[in-house]
Amino acid sequence: MGYPLLKGAVAAFGAENVTFQTKRREHEEALSAELGVPYAPRLLEMVMQSDIIVLAVKPQYAPEVYPDVKLAMSKEKIIVSVMAGVTVEELKRRTGAAKIVRAMPNTPAMLGEGMTCISYSGEVTEVEKEVVRKLFLSLGKIEEITENLMNAAICANGSSPAFVYMFMEALADGVVKYGIPREMAYRLVAQTVLGSAKMLLETGEHPGKLKDAVCSPGGTTIAGVAALEEHGFRNAVLKAADACYEKAESMNAKKM
């Protein structure tokens, strides 16, 4: 998520107000040339000169960055974490920060069509929240939630693009089997998923009602729906959400 977050920050605040740091110098130089953003040679330097520090690292690598972050931390600085399973309490303890924002974006943020859930620690002011909103609105839509719902948000929008892609791939395979060329199958399925999502968002109708509207009595759609039910489609999706949630919970438990 580092790349879309960096692009979003540039769009929201201007390249002159953004800096970044990664582990690989060649990566830094390429990103700096592409986006016009200066990079900080050291993490400590970046934290010292920044008001908002976005930690866009995998949770397992976070212990490598905590020491420098803590060394340069002050009570005015804000930590924004996009790490799954890392709580506000742990972030405060490991970074020394008082003001914590947890965010769960997703990969469609690359195209400005992301969905990000955000929660704030009590120390973050309304003015500071507006700055955070500006960052994530540059990536798509946002929803603000309490921290106890953040692991559920991982299921809903953080990990779920992978589930949607699996459905799309499987459906495309199904129609390729009957002669539709693969690239055309992907276009047909992708546009249908896009349009269906837009129908749900713009009409505000219950998804079950929208499904019913497609299912003519005795028709092809209801036959397909019946087959999905017979083979446990809904239960498989529920189990995927359960597995995702339980993994997020266990990631945090290991750090306690």
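Every number in this text was worked out from the coordinates using simple rules, so none of it is lab data. Quantities reported herein were computed from a predicted structural model and do not represent experimental measurements. Reconstructed Cβ throughout: ideal geometry from the backbone, glycine too, with neighbour counts over all protein chains shown.
Of Ile100, Cys117, Val69, which is farthest on the positive side of the dipole of the chain, counting Cα position, with +1 on Lys and Arg Cβ, -1 on Asp and Glu Cβ, and the Cα centre as origin?
My answer, from the dipole projection, is Val69.
Once you charge only the Cβ atoms, +1 for Lys and Arg and -1 for Asp and Glu, what is the size of the charge dipole of segment 160-253 about its Cα centre, to the nearest 20 debye?
200
So for the chain: antiparallel DSSP bridges make up what percent, rounded to the nearest 5?
The antiparallel fraction comes to roughly 20 percent.
Connecting C-alpha atoms closer than 10 Å in a GNM of the chain, tell me which of Cys215, Cys155, Cys117 has the biggest fluctuation.
Between Cys215, Cys155, Cys117, it is Cys215 that shows the largest mean-square fluctuation.
Springs between alpha-carbon atoms under 10 Å, Gaussian network over the chain: tell me which of Ala240, Ala15, Ala227 tops the mean-square fluctuations.
Ala227
Among the GluC sites (Glu not before Pro) in segment 49-134, which ones are in a DSSP loop with at most 14 other Cβ atoms within 10 Å of the Cβ? Mind listing them?
Loop-located and lightly packed - Glu76, Glu113, Glu123.
Please report, for the Cα atoms of segment 75-138, the Rg to one decimal and the Dmax as a whole number; what are they, in angstrom?
Rg, Dmax (Cα atoms, Å): 12.0, 34.
Collect residues whose amide H, placed 1.01 Å from N in the peptide plane, falls under 5 Å from the amide H of Leu55; neighbours closer than 5 in sequence don't count.
Here the answer is Val80, Ser81, Val82, since their amide H atoms fall under 5 Å of that of Leu55.
Of the candidates Ile145, Ile79, Ile118, which one comes out as most mobile in a Gaussian network treatment of the chain with C-alpha springs shorter than 10 Å?
Result for the chain, Cα springs under 10 Å: Ile145 fluctuates most.
For each cysteine in the chain, check whether another cysteine's C-beta sits under 4.7 Å from its C-beta; list those where none does.
Cys117, Cys215
Rounded to the nearest 20 Debye, what is the dipole magnitude of segment 98-256 about its Cα centre when Lys and Arg each give +1 and Asp and Glu each give -1 at the C-beta?
Dipole magnitude for segment 98-256 comes out near 280 debye.
How about segment 203-256: which GluC sites (Glu not before Pro) there lie in a loop by DSSP and see at most 14 other Cβ atoms within 10 Å?
The qualifying sites are Glu205.
HN-Hα J couplings of segment 145-151 from phi, Karplus 6.51/-1.76/1.60, θ = phi - 60°, integer Hz, Gly and Pro as x?
Once rounded to whole Hz, the list reads 9, 7, 4, 5, 9, 5, 5.
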